[in-house]
Every structure is written in C-alpha cells, then in structure tokens.
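In what follows, a structure is listed as structure tokens, so that the remarks can point back to it.
The numbers here are math on the coordinates, done by the rules we state, and not lab data. Nothing here was measured: the structure is a model prediction, and the numbers come from that model. Glycine also receives a Cβ, built like all others from the backbone with ideal geometry; neighbour counts cover every protein chain displayed.
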Amino acid sequence: MPEHPAPYAVIMAGGGGTRFWPVSRAAAPKQLVRIVGDATMIQATVARLQPLIPAERVLIITTAALAEETRRQLPMLRPEHIIAEPVGRDTAAAVALAALIVERIAPGAPMILLPADQVITPADRFQQALAAGVAVARRGSLVTYGIPPRFAASGYGYIQLGDAQAGEGGCAVAAVRRFVEKPDAVTAAAYLADGGYRWNSGIFTWRSDVVWRELATHCPWLTNALAPLAEHWGTAGFAIRLAEIYAPLKKISIDFALMEKAQNIVAITGDFSWDDVGSWDSLEGHLPADAAQVIARGEVLTVDCRDSLIVNESPALVAGIGLDHLIVVATRDAILVLPKGRSQEVKQVVEALKARGRSDLL
C-alpha cells in the first residue's frame, strides 16, 4: 500500500427531522434541507471539505430511507460511497462500518468522521485543523476536535484537556483527559471559567486500521460481527449481507464504545466558528437580520416587527404586524408559531402529531 494513503472523509447523515419541523421531516431531515445559506446542510458539509478531501474520497453513512435523496443531492459522489444502514444502530456501528470500508478501499488511510448538519466557517481554517488532525492521526492517535467555548452551554458535551503536546500545522494539540456529558448550567459555567475545557465538536480523525483495532479491543462483539462484510464490499451482495449482520447489533455510541475507554486520544483546538444548530433559535447570527433584528427568509412582509425569525417555505406571502420575540415558520402544509427561546420544545409538536396519527405532517 502507499506509504501515506490519501485521507478520506466519512459523513454521518442518518439523523431524524424533529428539531427543525415543519421544514425538516422524516423523509427530509435537517441535513437534507436548506437551513443556513443556499445549499442543504449535507451539500455544504461536502463543499467545505474541498479541496482537502475531493468528492471521490467522501463517503456518506445514511439510512435506507434517505439514501436515494442523498444521492440526488450529491451527484458528484460515487453512488457506492453513499452507504445505507438497513437499521439505525447508533454511531459505534456506523464508525466500524465506515472503517471497514475505508480499510478495504485504502488500507491505513486516515478517515475524518464528521456530522452532516453543522455550520462551520471559514472553510480554510476548518481545513487547516483537519489537515493537522490527519498528520497527527497518521502517527496512530485518535484525534478529536475541541471548540473553545464562547458561553456556558449546557446543551453540548465537553472535552477536558490534559497536557499540551507539540503543535501541528499551526494548531494547538493536547492530550484528552476525559469526555464529559452535557453539564448543568452551574457546571458549564465552571468549565468556561476553568479554560481547560472545549466543546465536543463530534468530529474525529483516525486511521482506518487504528480505529478498527481499537474497536476490536474495546468492542470485539462489534468488529467480529462486521468483519465478514469486508469480502462483500463492491459486490451486488453487499447490501443483503449488511442487512443480515446489522439487524442483531446492539445500539451504542462511539463515545461510550470507544472514546471513553481508549488511551491514545488527542484534541486539536479548532480555530474556526462551529455551531451544532440544534433549533430554530440557534439560527440567530447565521442569517442576516435587519435593523430591528428581524430575520426573514422567503416571501415575507413585516410591519413594526422586532427581534423575530420568520421563515417562509410556502408559496404564499407571510405578513407580520407588531411581532416581537417570535419565531414563525411556514411551509406548504404547516405553520409553526412560538416565542423565541422555546424552539427546543418543537419535538413536543412532533410527538403530538404522532399521537394523532398525522403521518402526513411528519
């Protein structure tokens, strides 16, 4: 094999569509719709990897239900590189599957693992951090990317940094002392004041053979189950064999399966703007606002409105008078209205629609 095989990127794109309802739905979740900018989130994710990772070295792990639309949105990718999980088995199984495939394509290649639905700018500084991570990963480390916290966020996981290591490519590198689950507000404030914590971006880089070996050490049941798939990659029988093997797997995240157990983990501090954009409220700062702090997208007319977000994806005009501190989202078949600050509760609407049997709106 080449001494330094070129890096690959694996994009995790199997999430559901509740947090940005009614724009996102089960058949078109967050990553497949336009939330920020003119591209869908998965299109933007692929674009910001280039030229560091060209399209021919990008793989997508998605669901069977979303694979066709994902291929339609990303015609520049190789169709076989959009891999459909027959059932969801959380991130550890997806990582192991991706490592097995990358190892089959390019043994020992670094693989960057990242979600499909984050907002990251600017692309050049993001690629600088990824390139540094690739260089560190080539030496056998498991690399994660930490974001300096801007405020005491209780909705993010955290990374506690250990001893600093030699920098790489202009980026700070440190050992990882531990991963921390989402803290309460008081603990998050303490993390912010401490200065030795980073937001957990959910982005990783490792060599395909290294992460497979680490999973085999800490989750042998997972790698033992998936190993027979290697010989079927690139054949007509791959999807059938994948379905047979995947269904019995238990659900476990990569954090619990590996990252909280492995020893050779380092964190690169990302010098870029990162946001997990988990709700309508989080779009503030990502979309342009007028002098009254009204963000309007689509055909919208406002009179005497302040501090509001109005998104119109419907063919009709949305007009607002005197709106203050509100979120209004309109699509062809649903309208959502709520106060700013409560968009995390949108999932309650989705659950209520399920209870009413309104699958047409999900």
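Estimate the FRET efficiency between Asp271 and Ser154 by the formula 1/(1 + (r/R0)^6), using the beta-carbon distance for r and 25 Å for R0, to the nearest 0.05. List each step's numbers first, then the result.
Values: r = 24 Å, r/R0 = 0.97.
That pair, Asp271 with Ser154, gives E of 0.55.
Report, in debye and to the nearest 20, how large the dipole of the stretch 52-128 comes out about its Cα centre when Lys and Arg carry +1 and Asp and Glu carry -1 on their Cβ.
140
May I ask you to derive the relative contact order of the chain, considering only C-alpha pairs under 8 Å and at least 6 residues apart, and to give it as an integer percent? Before the final figure, lay out each step's value.
Details: 710 pairs, mean separation 69.6, N = 362.
Computed over the chain, the figure is 19 percent.
Give the aspartates and glutamates whose C-alpha is closer than 19 Å to that of Lys250, dropping any in the same chain fewer than 8 places away, or say none.
Those aspartates and glutamates meeting the cut-off are Glu85, Asp90, Glu214, Glu260.
Would you look at the GNM of the chain, springs on alpha carbons closer than 10 Å, and say which of Pro288, Pro86, Pro29 moves the most?
Judging by the Gaussian network model, the answer is Pro288.
Straight distance only, please: which lysines reach the Cα of Lys30 with their own Cα at less than 24 Å, same-chain residues fewer than 8 apart left out?
Lys182, Lys251, Lys340, Lys347, Lys354
Suppose R0 equals 30 Å. What FRET efficiency, 1/(1 + (r/R0)^6) with r the Cβ-Cβ distance, do Lys251 and Ala166 give to the nearest 0.05?
Computed FRET efficiency for Lys251 and Ala166: 0.20.
Using the Kirkwood radius built from alpha carbon pairs, what does the Stokes-Einstein equation give as D for the stretch 120-163 at 10 °C and 1.306 mPa s, in µm² per second?
Calculated translational D: 128 µm²/s.
Could you work out how far apart the two model spin labels at Ala28 and Asp360 are, taking each label as a point 7 Å from the Cα in the direction of the beta carbon, and quote it in nm?
Result for the modelled spin labels: 1.7 nm.
Taking H placed 1.01 Å from N in the peptide plane, check which residues at least 5 places from Ile310 or on another chain put their amide H under 5 Å from its amide H.
Ile295, Ala296, Arg297, Val328
When the helix-only estimate is applied to the chain (DSSP H runs of n ≥ 4, each -39,500 (n - 2.57), divided by the residue count), what is the mean residue ellipticity at 222 nm, nearest 500 deg cm²/dmol?
-7500 deg cm²/dmol
Could you give me the ³J(HN,Hα) list for the stretch 55-68, computed from phi with Karplus coefficients 6.51, -1.76, 1.60 and θ = phi - 60°, whole Hz, x at Gly and Pro?
4, 6, 10, 10, 10, 10, 9, 9, 9, 4, 5, 9, 4, 5
Work through the residues other than Gln344 whose Cβ is under 12 Å from its Cβ and net out their charges, Lys, Arg +1 and Asp, Glu -1.
With Lys, Arg at +1 and Asp, Glu at -1, the net is +2.
Output ³J(HN,Hα) for the stretch 260-265: one whole-Hz value per residue in order, computed from phi by the Karplus curve 6.51 cos²θ - 1.76 cosθ + 1.60 with θ = phi - 60°, and x for Gly and Pro.
Taking θ as phi minus 60°, the curve returns 7, 10, 5, 9, 9, 10 Hz for the stretch 260-265.
Put +1 on the Cβ of each Lys and Arg and -1 on the Cβ of each Asp and Glu in the stretch 280-361; which of Leu317, Val300, Leu353 then has its Cα farthest toward the positive end of the dipole?
Checking the options against the dipole of the stretch 280-361, the answer is Leu353.
Through the Karplus equation 6.51 cos²θ - 1.76 cosθ + 1.60, θ set to phi - 60°, convert the phi angles of the stretch 159-168 into ³J(HN,Hα) values in whole Hz; use x for Gly and Pro.
My calculation for the stretch 159-168 gives 10, 8, 7, x, 5, 5, 10, 4, x, 9 Hz in order.
Taking 0.36 nm per intervening residue step and subtracting the Cα-Cα distance, what contour gain separates Asp184 from Gln344 on full extension?
Between Asp184 and Gln344, full extension yields 56.0 nm more.
In whole Å and largest first, what semi-axes does the C-alpha gyration tensor of the stretch 189-332 yield when each eigenvalue is scaled by 5 and square-rooted? Before the final figure, lay out the partial values.
Numbers: eigenvalues 413, 124, 29 Å².
In descending order the semi-axes read 45, 25, 12 Å.
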